[in-house]
Amino acid sequence: MGLGILKDGQWISEREQEDSQGKFIRPTTTFRKQITADGASGFKAESGRYHLYISWACPWACRTVIMRRLKGLENVIGLSVVAAEIDQNSWEFKDEPGSIPDTVNDVKYLWQIYLKADANYTGRVTVPILWDKQTGTIVNNESREIIRMLDTEFNALAEERINFYPQHLQTVIDETIDKIYQPINNGVYRAGFATSQTAYEEAVTELFAALDYWEAVLSKQRYLCGDQITEADWCMFTTLFRFDAVYYVHFKCNVRRIVEYPNLWNYLKELYQFPGVKETCNMDHIKRHYYRSHPKVNPTRIVPKGPVIDFDEPHNRAKIFN
């Protein structure tokens with residue numbers, strides 16, 4: 001996510017984000033090339049060739065860094081992390097806790113990465129970015145496609161033999177990711193960035209109808225697609241993790257908190273406690289980014305102290321679905 005935009009290679013610090021009805025509009029991503037294990041796509045899965053740019057604050061970007069961690073690709077794909085807060089120049093690399101400098105392109109602002117890929121680029125400047133050091137370009141900036149590539153095309157290089165896209169569940173996984181995207185993953189933004197009461201209420205109503213639906217599903221099965229963790233769960237996780245600390249207050253998604261949903265809350269704790277996941281969760285970056293980077297939503301830019309949430313509290317999912 002970023003507040004500005006590039007137009008014909010020139011940075012513009014403000015852009016419109018809503019339509020005439022006050023509904024938040026998320027433009028589509030632009031770079032959609034694919035890495036394949038055999039290289040038939042022109043981008044072969046190779047160790048040391050690719051670099052991932054993310055923000056700890058961004059749920060879309062954190063999907064990809066979770067997959068990088070869980071597959072054991074940290075020695076295969078490099079990582080750079082932008083600073084928590086956005087200013088008029090959007091995402092920036094700074095010397096602050098949690099940030100990792102750009103050692104590949106040595107730029108100060110993320111939009112400069114886009115210009116290295118296309119000097120006349122017009123569009124959003126967002127994370128995640130999967131960069132190819134060999135050809136000097138952006139391969140892909142669509143989180144859903146990046147996690148799929150990391151999950152399926154880098155298996156020969158992965159340290160962990162784990163599969164989040166098993167063949168027998170592939171149709172269900174794809175349908176589930178589609179099903180949670182608009183009302184939940186994008187729904188919190190549709191509510192938070194709405195500029196009319198009607199647009200806000202439409203978004204927040206759909207959001208909580210979807211959360212209620214998945215609460216019921218998770219009362220009958222351990223994960224979104226059945227009895228094993230899949231890509232769909234990691235797509236859901238990054239939104240749920242931010243919900244009570246940010247979306248409930250900052251984006252006015254305050255009908256219920258996730259901790260008030262017995263099944264969603266225990267499901268969230270289980271995913272957080274999955275080995276390697278909590279190391280990708282930086283609540284300081286998350287809260288500072290949202291509360292200080294959206295002055296139209298939070299003009300005072302004050303970051304709240306709470307809430308206190310114990311994600312390490314024991315969950316009951318294994319007991320229920322043993």
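The values are calculated or read from the model by the stated rules, or taken from the named source; none is laboratory data. All of these numbers come straight from a predicted model, not from anything done at the bench. Neighbour counts are summed over all protein chains in view; Cβ atoms, including those assigned to glycine, are modelled from backbone coordinates with ideal geometry.
Points worth noting:
- Note on segment 239-256: residues that are hydrophobic (A, V, I, L, M, F, W, C) and assigned to a helix (DSSP H, G or I) total 5.
- Complete set of residues in segment 27-62 that are assigned to a loop (DSSP other than H, G, I, E, B) and among the aromatic types (F, W, Y): F31, F43, W56
- Test: residue in segment 303-318 that is part of a helix (DSSP H, G or I) and farther than 18 Å from A191 by Cα: yes
- Residues of segment 257-268 that are part of a helix (DSSP H, G or I) and either of a type in the set (D, E) or touching a Phe, Trp or Tyr at 6+ places or on another chain (Cβ under 6 Å) (or both): I258, V259, E260.
- Check on E74, within 21 Å of Y291 (Cα to Cα), of a type in the set (D, E), in a loop (DSSP other than H, G, I, E, B) and outside the structural domain of I180 (by TED's automatic domain parsing): no
- Qualifying residue in segment 68-81 (condition: in contact with an Asp or Glu (Cβ under 9 Å, 6 or more places away or on another chain), polar (S, T, N, Q) and farther than 26 Å from E279 by Cα): no
- The single condition from (1) more than 21 Å from the chain's Cα centre (by Cα); (2) closer than 26 Å to M67 by Cβ that W214 fails is (1).
- Condition met for T230 (in contact with a strand residue (DSSP E or B) (Cβ under 8 Å, 6 or more places away or on another chain), of a type in the set (S, T, Y) and under 26 Å from N155 (Cα atoms)): yes
- Screening K252, K296 for residues that are without any contact (Cβ under 8 Å) to a residue 12 or more places away in the chain, basic (K, R) and surrounded by fewer than 19 Cβ atoms within 10 Å (Cβ to Cβ) leaves exactly one candidate, K296.
- Hits in segment 104-118 - residues which are without any contact (Cβ under 8 Å) to a residue 12 or more places away in the chain and of a type in the set (F, W, Y): none
- Among the residues of segment 149-179, the ones that are touching a helix residue (DSSP H, G or I) at 6+ places or on another chain (Cβ under 7 Å) and surrounded by 21 or more Cβ atoms within 10 Å (Cβ to Cβ) come to 6 in all.
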